[in-house]
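Chemist: My questions all concern the structure below.
The values are calculated or read from the model by the stated rules, or taken from the named source; none is laboratory data. Model, not experiment: these values are computed from the prediction. For neighbour counting, all protein chains shown are included, and Cβ atoms are generated from backbone atoms with ideal geometry for every residue, glycine included.
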Amino acid sequence: MSANKITPEIVAEHGLTPDEYKLVLEIMGREPSMTELGIFSVMWSEHCSYKSSRVWLKKLPTKAPWVIQGPGENAGVIDIGDGEAAVFKMESHNHPSFIEPYQGAATGVGGIMRDVFTMGARPIANVNALRFGEPDDPKTRHLIAGVVAGIGGYGNCMGVPTVAGEVNFHASYNGNILVNAMTVGLADADKIFYSAAAGLGNPVIYVGAKTGRDGIHGATMASAEFTDDSEEKRPTVQVGDPFTEKLLLEACLELMATDAIVAIQDMGAAGLTSSSVEMSDKGGLGIELDLDKVPVRETGMTAYEIMLSESQERMLMVLKPEAREIARKIFEKWELDFAEIGVLTDTGHLVLKKNGKVEADMPVSPLVDKAPLYERPWVPTPKQPEIAASSLPVPADIPAVLLQLIGSADLSSRRWVWEQYDHLVMGRTVQRPGGDAAIVSLPGKSKGLAITSDCTPRYCYADPYQGGAQAVAETWRNITASGAKPLAITDNMNFGNPQRPEIMGQFAGCIEGMAAACKALDYPVISGNVSLYNETNGKGILPTPVIGGVGVIADVAKSVSIPFKASGETILLIGETKGHLGASIYLREIHGREEGAPPPVDLAAERRNGDFVRGLIEQGKVTASHDCADGGLLVTLAEMAISSGIGATFEIAAEVTGSIPAHAYLFGEDQGRYVLTVAAANAGAVIAAAQAAGVPVTRLGTTGGDRLDLGKHGAVALSALKATHEAFFPRLMSAAE
Amino acid sequence: MKAAIVVFPGSNRELDAKVALAKAIGSEPIMVWHRDTELPKVDLVLVPGGFSYGDYLRTGAIAAHSPVLREVKARAEKGMAVIGICNGFQIITEAGMLPGVLLRNSHLKFVCRNVHLKVATTQNMFTQRYTKDQVLSVPVAHHDGNYFVDEKGLGEIEANDQVAFRYCAPDGTVAMEHNPNGSLRNIAGIFNRTKNVLGMMPHPENAIDPLQGSTDGFALFQGMVEALS
């Protein structure tokens, strides 16, 4: 054992509280070595132990007949029929991306892909949800440029298409950007790989990149607030090598096709520590590692450094003893470093040896089972007042308002971003970025997956319950709008400092709202990630529970996209419009007010309207479809027109004019709505069917022409809409170059 | 007709190319691993897109010196057909099978989008199913597609009718604003002098099915199969 004296300062530097350290002493029955202390520190970090969030996460529904694996493994797994499974998860890389945007974002993408192929799945789609500070904040452009290039740099090289995502801006992210990456993989439902070690005496194999000193204490960094000197933490950010990961992916999938692997776990946050502890804990076994055998990049690395390194592109596996030779051949083919570094034991202890000396000898299960669990105090978020549309002046020039909205930071085209991502590799991208949900077909099948991510943080801030429910409902709606059936979600909970009761109140509220929506929509959570302490100098981000949703569609050729398809078609609005302006983009951008209660989510109406729309699409009656969300009805119509080059004529129905002010009708963000187009000849039957199903339906107008004609409210040329919509990002980013 | 696809560590569109070739030929092409020095007897070799060797050193530079590529080059010199797409174009250009070089995109960013291509010539085994000046819709996805060759080389390419495709507008106008990467004279693909080797940055293998948004790339594969069968 090392003879370091553990002082209270050393304990504090490791992010452990005095009480937590007392527990360490109890478990160990002696003072821990530095290596042991380091292992406790990362295993009990917020990032690895979910100590502030676990009590709340239990409230989320995680089961359904199609769920094969819920939260707790590297990624969740759902049955998508025909013997196949979709494997997916979303994970944050917020803190590293702020410090070093290219590498932070790149390794975030690398990490989530590893989580998915560890389960035996080939990644087939990547998604990312990004939040930046104000566009004119001095750091924003640099962060966007680095994050987008980093995501592209890693995903493009891996040959996995990046098909969907979102980008938002808000001042609350000035000091804490959010980079949430999601990967969806495809596996045979009966060939899923898990992390529970088994088989006394089985060899423990290390494969992939060599271990260096990068990323030591990354998990601990991700579990603390930022201060002004956070950039000094740059050395804790890992450096990615997508080429090695591509080799690791192919080698792992090739080995998985044999019968060699007993258990497998990637080395992500907390590296060799969490992978070895989690594998042995889940298997109820001990594990002994000879750290001299670990392939290292630098000389003189200590046991502490090897165990806490977060070097990327590494994998730990337990093999059947007779499979060593098969594994060796495959790893040599792919020119990967590998080594047999240990063995499974029956001691229940993690034993680490270096230079013949025991550097750590500690019981495994308390590292997981006895991890601190906090029921942090919380206060409910105060309700915001409703904003009456009649209290706001109706703008005289509606087309000018539309142009301002469609060219604003949050509503403008993201083309500049997604054209830097290879969204077509694999050749199966049927619905590309820029629509509601992306659709990728499955190899050799007409079937496909619909994939999306969403969250409206301003709603979550105004009312965490409604915001949490809305985030879930909007992904469900996006998937439905494409014609697919939503099956399950992954969540990425991004919040401020959980030690502040108002932040825990936001967390609690969002969880309750999400849980309600998941239950009402039969749409369970199968994986997720929590990122807390997104604060700088005591100022937290907007609560941002990002939801990644996945659905399945039987025939991708029947999926529907947002562009209008032809002139002379009838435009219909499905769902009820009340003209809700509280917490809307219109209120913020046009009236400069960031306030008010967000639109409530009526989950019964959500389901009824969505099931009706999906049914219409399945019957082949819908030619274009778009969910009506940020910016409201007029922005939705404009997006459909811009993406198609086909205009529309649109008159606010007479029965509406009397009850709802024009601006509330056009820009209100009422939930549970879709804009559809149908052939004019089918319109009557579709309207009758909606009425029969109790689904609110409104005939809005007709497609055609080269402008959006709003009747008495004027008109705007498509060319002007398109130019304004496309201008924001190139203008912002060219100013940076 | 028999075809092979050469796979390097880091190749990532080899399966896309396999689907396209299989659809055109009616049977599966042979996948050849980069360490193989023995090339099977085939009529066509396709060098696919991706990031061979992680694009380290310079795109295509390491793959260009692999044993298998030496063999591909030797056979091409004897007349075997070779097509290099994207990273494959970079590799065979690095190997000296085509004139010029592929530089970083002029805007310095990766670019993935649909482009329009104007067919510059049809007098060869690759583009014979198209008509001259036909406009195709095909995607690009690359970081280093900015084709450059010195003035003398350019003169030779133009004089010998070696330009295969140029980036253009939907109506066929060839202008800089339709050029996704800054390449010289909007060149998107070129032949060697004997026109048995084609290199191109765009991905015809991702435009073979209506679900991909375009089928304009498929006639390229059909043309090759027709010429070599």
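Chemist: Which of the numbered conditions does residue A:151 fail, given that it passes all the others? Conditions: (1) under 21 Å from residue B:11 (Cα atoms); (2) over 15 Å from the mean Cα position of the chain (by Cα); (3) not polar (S, T, N, Q).
Modeler: (2)
Chemist: Only one of A:716, A:695, A:675 is β-branched (Val, Ile, Thr), outside any helix (DSSP H, G or I) and over 28 Å from residue A:470 (Cβ atoms). Can you tell me which?
Modeler: Values: A:695 fails: over 28 Å from residue A:470 (Cβ atoms); A:675 fails: over 28 Å from residue A:470 (Cβ atoms).
Of the residues listed, the single one that is β-branched (Val, Ile, Thr), outside any helix (DSSP H, G or I) and over 28 Å from residue A:470 (Cβ atoms) is A:716.
Chemist: Looking at (1) within 14 Å of chain B (Cβ to nearest Cβ); (2) modelled with pLDDT under 95, which is the only condition residue A:389 fails?
Modeler: It is condition (1) that residue A:389 fails.
Chemist: Right, here's the next one. For region A:5-48, which residues satisfy the criterion of being of a type outside the set (Val, Ile, Thr), under 25 Å from residue A:267 (Cβ atoms) and over 34 Å from the mean Cα position of the chain (by Cα)?
Modeler: In the first step, residues of region A:5-48 are kept if they are of a type outside the set (Val, Ile, Thr); the result is A:5, A:8-9, A:12-16, A:18-23, A:25-26, A:28-34, A:36-38, A:40-41, A:43-48.
Within this subset, residues satisfying the condition of being under 25 Å from residue A:267 (Cβ atoms) are A:13-16, A:20, A:28, A:32-34, A:36-38, A:40-41, A:43-48.
A:28, A:32, A:33, A:34, listed by residue number.
Chemist: Against the definition (within 30 Å of the chain's Cα centre (by Cα) and crowded, with 23+ Cβ neighbours inside 10 Å), how does residue A:557 come out, yes or no? It would help to see each step written out before you state the result.
Modeler: Numbers: within 30 Å of the chain's Cα centre (by Cα): yes; crowded, with 23+ Cβ neighbours inside 10 Å: no.
The answer is no for residue A:557.
Chemist: Turning to a different aspect of this structure: Could you tell me which numbered condition residue A:381 fails, if it satisfies all but one of (1) surrounded by fewer than 22 Cβ atoms within 10 Å (Cβ to Cβ); (2) of a type in the set (S, T, N, Q); (3) away from chain B (no Cβ under 14 Å); (4) under 30 Å from residue B:212 (Cα atoms)?
Modeler: (4)
Chemist: If a residue has to be among the β-branched types (Val, Ile, Thr), more than 25 Å from residue A:281 (Cβ to Cβ) and buried (at least 24 other Cβ atoms within 10 Å of the Cβ) to count, how many in region A:81-106 make the cut? Walk me through it before giving the result.
Modeler: Step one: of region A:81-106, the residues among the β-branched types (Val, Ile, Thr) are A:87, A:99.
Then keep just the ones that are more than 25 Å from residue A:281 (Cβ to Cβ); that gives A:99.
Subsequent filtering for residues that are buried (at least 24 other Cβ atoms within 10 Å of the Cβ) retains none.
The qualifying residues number 0.
Chemist: Let me ask another. Output yes when any residue across region A:32-45 is over 18 Å from residue A:359 (Cα atoms) and in contact (Cβ under 8 Å) with a residue 12 or more places away in the chain, and no when none is. Let's see the steps before the verdict.
Modeler: Going residue by residue through region A:32-45, those that are over 18 Å from residue A:359 (Cα atoms) are A:44-45.
In the following step, the residues that additionally are in contact (Cβ under 8 Å) with a residue 12 or more places away in the chain were identified as A:44-45.
Scanning region A:32-45, I find at least one residue that is over 18 Å from residue A:359 (Cα atoms) and in contact (Cβ under 8 Å) with a residue 12 or more places away in the chain, so the answer is yes.
Chemist: Within the set of pairs 6 or more residues apart or between chains, which connect a residue that is in contact (Cβ under 8 Å) with a residue 24 or more places away in the chain inside region A:382-403 to a residue that is surrounded by 11 or more Cβ atoms within 10 Å (Cβ to Cβ) and among the aromatic types (Phe, Trp, Tyr) with Cβ atoms less than 8 Å apart?
Modeler: That search, which allows pairs on different chains as well, returns A:401/A:586; A:401/A:667.
Chemist: Is it the case that residue A:288 is over 17 Å from residue A:265 (Cβ atoms) and more than 14 Å from every other protein chain (Cβ to nearest Cβ)? Before you say what the answer is, go through the steps one by one.
Modeler: Details: over 17 Å from residue A:265 (Cβ atoms): no; more than 14 Å from every other protein chain (Cβ to nearest Cβ): yes.
When the stated conditions are applied, residue A:288 does not pass them.
Chemist: For residue B:31, all conditions in the list (1) within 23 Å of residue B:191 (Cα to Cα); (2) among the hydrophobic types (A, V, I, L, M, F, W, C); (3) within 14 Å of another protein chain (Cβ to nearest Cβ) hold save one; what is the number of the exception?
Modeler: Result: residue B:31 passes all but (1).
Chemist: Identify the residue in region A:425-478 that is in contact with a strand residue (DSSP E or B) (Cβ under 6 Å, 6 or more places away or on another chain), among the polar types (S, T, N, Q) and assigned to a helix (DSSP H, G or I) and, among all such residues, is nearest to residue A:378 (Cα to Cα).
Modeler: Applying the filter and picking the extreme gives A:475.
Chemist: What is the one condition in (1) hydroxyl-bearing (Ser, Thr, Tyr); (2) closer than 30 Å to residue B:206 by Cβ; (3) away from chain B (no Cβ under 14 Å); (4) over 17 Å from the mean Cα position of the chain (by Cα) that residue A:475 does not satisfy?
Modeler: Here residue A:475 meets the rest and fails (4).
Chemist: Search region B:1-28 for residues that are farther than 23 Å from residue A:246 by Cα and more than 8 Å from chain A (Cβ to nearest Cβ) and pair each with any residue that is surrounded by fewer than 21 Cβ atoms within 10 Å (Cβ to Cβ) and of a type in the set (S, T, N, Q) when their beta-carbon atoms are under 7 Å apart and the residues are at least 6 apart or on different chains.
Modeler: B:1/B:229; B:24/B:222
Chemist: Of the residues B:115, B:135, which single one is touching a helix residue (DSSP H, G or I) at 6+ places or on another chain (Cβ under 8 Å), hydrophobic (A, V, I, L, M, F, W, C) and over 20 Å from residue B:61 (Cα atoms)?
Modeler: Working: B:135 fails: touching a helix residue (DSSP H, G or I) at 6+ places or on another chain (Cβ under 8 Å).
Only one candidate qualifies: B:115.
Chemist: Which residue is surrounded by the fewest Cβ atoms within 10 Å (Cβ to Cβ), if the candidates are limited to region A:249-259 and must be under 25 Å from the mean Cα position of the chain (by Cα) and within 11 Å of another protein chain (Cβ to nearest Cβ)?
Modeler: Taking region A:249-259 as the starting set, the residues that turn out to be under 25 Å from the mean Cα position of the chain (by Cα) are A:249-250, A:252-253.
Pick out the ones that are also within 11 Å of another protein chain (Cβ to nearest Cβ) and you get A:249-250.
Values: A:249: 23, A:250: 21.
Taking the candidates together, the pick is A:250.
Chemist: Suppose we filter region A:392-428 for residues that are surrounded by 19 or more Cβ atoms within 10 Å (Cβ to Cβ), within 14 Å of chain B (Cβ to nearest Cβ) and out of contact with any Leu (no Cβ under 9 Å at 6 or more places or on another chain); how many remain?
Modeler: Going through region A:392-428 one residue at a time, the tally reaches 9.
Chemist: What tally of residues in region A:46-73 results from selecting those that are among the basic types (Lys, Arg), under 27 Å from residue A:15 (Cβ atoms), surrounded by fewer than 19 Cβ atoms within 10 Å (Cβ to Cβ) and touching a residue at least 40 places away in the same chain (Cβ under 8 Å)? Steps first, answer last, please.
Modeler: Of all residues in region A:46-73, those among the basic types (Lys, Arg) come to A:51, A:54, A:58-59, A:63.
Subsequent filtering for residues that are under 27 Å from residue A:15 (Cβ atoms) retains A:51, A:54, A:58-59.
After this cut, where a residue has to be surrounded by fewer than 19 Cβ atoms within 10 Å (Cβ to Cβ) as well, the list is A:54, A:58-59.
Restricting the remaining residues to those that are touching a residue at least 40 places away in the same chain (Cβ under 8 Å) gives A:54, A:59.
Final tally of qualifying residues: 2.
Chemist: Determine which member of the set A:41, A:52 is assigned to a helix (DSSP H, G or I) and of a type in the set (Ser, Thr, Tyr). Spell out how you get there, then give the answer.
Modeler: On the way: A:52 fails: assigned to a helix (DSSP H, G or I).
Being assigned to a helix (DSSP H, G or I) and of a type in the set (Ser, Thr, Tyr) holds for just one of A:41, A:52, which is A:41.
Chemist: I'm trying to understand the selection: among the residues of region B:169-209, which are within 14 Å of another protein chain (Cβ to nearest Cβ) and crowded, with 17+ Cβ neighbours inside 10 Å? Quick ask: steps written out before the conclusion?
Modeler: Our first condition is that a residue be within 14 Å of another protein chain (Cβ to nearest Cβ); within region B:169-209, this holds for B:170, B:177, B:180-181, B:201-209.
Passing the criteria: B:180, B:181, B:201, B:202, B:203, B:204, B:205, B:206, B:207, B:208, B:209.
Chemist: For region B:166-201, how many residues are on the phi > 0 side of the Ramachandran plot and under 16 Å from the mean Cα position of the chain (by Cα)? Give the derivation first.
Modeler: Narrowing region B:166-201 to residues on the phi > 0 side of the Ramachandran plot: B:172, B:182, B:185-186, B:195.
Filter once more, keeping what is under 16 Å from the mean Cα position of the chain (by Cα): B:186, B:195.
Residues flagged as on the phi > 0 side of the Ramachandran plot and under 16 Å from the mean Cα position of the chain (by Cα) within region B:166-201 amount to 2.
Chemist: Now a separate question. Can you confirm whether residue A:547 is of a type in the set (A, V, I, L, M), buried (at least 24 other Cβ atoms within 10 Å of the Cβ) and either in contact (Cβ under 8 Å) with a residue 40 or more places away in the chain or within 18 Å of residue A:68 (Cα to Cα) (or both)?
Modeler: Numbers: of a type in the set (A, V, I, L, M): yes; buried (at least 24 other Cβ atoms within 10 Å of the Cβ): yes; either in contact (Cβ under 8 Å) with a residue 40 or more places away in the chain or within 18 Å of residue A:68 (Cα to Cα) (or both): yes.
Yes.
Chemist: May I ask you to list the residues in region A:240-279 that are charged (D, E, K, R) and more than 28 Å from residue A:365 (Cα to Cα)? Let's see the steps before the verdict.
Modeler: Filtering region A:240-279 down to residues charged (D, E, K, R) leaves A:241, A:245-246, A:250, A:254, A:259, A:266, A:278.
Listed by number, the residues that qualify are A:241, A:245, A:246, A:250, A:254, A:259.
Chemist: Which one is nearest to residue B:183 (Cα to Cα) among residues in region B:72-115 that are free of Cβ contacts under 8 Å to residues at least 12 places away in the same chain and part of a loop (DSSP other than H, G, I, E, B)? Outline the logic, then answer.
Modeler: Of the residues in region B:72-115, the ones free of Cβ contacts under 8 Å to residues at least 12 places away in the same chain are B:74, B:77-78, B:108.
Right, trim to part of a loop (DSSP other than H, G, I, E, B) and you get B:78, B:108.
Values: B:78: 30, B:108: 12 Å.
If we take residues in region B:72-115 being free of Cβ contacts under 8 Å to residues at least 12 places away in the same chain and part of a loop (DSSP other than H, G, I, E, B), then B:108 is nearest to residue B:183 (Cα to Cα).
Chemist: On to the next question. Can you pull out every residue in region A:570-629 that is at positive phi and without any contact (Cβ under 8 Å) to a residue 24 or more places away in the chain?
Modeler: Going residue by residue through region A:570-629, those that are at positive phi are A:575, A:579, A:583, A:592, A:596, A:620.
A:592 - this is the single residue of region A:570-629 that is at positive phi and without any contact (Cβ under 8 Å) to a residue 24 or more places away in the chain.
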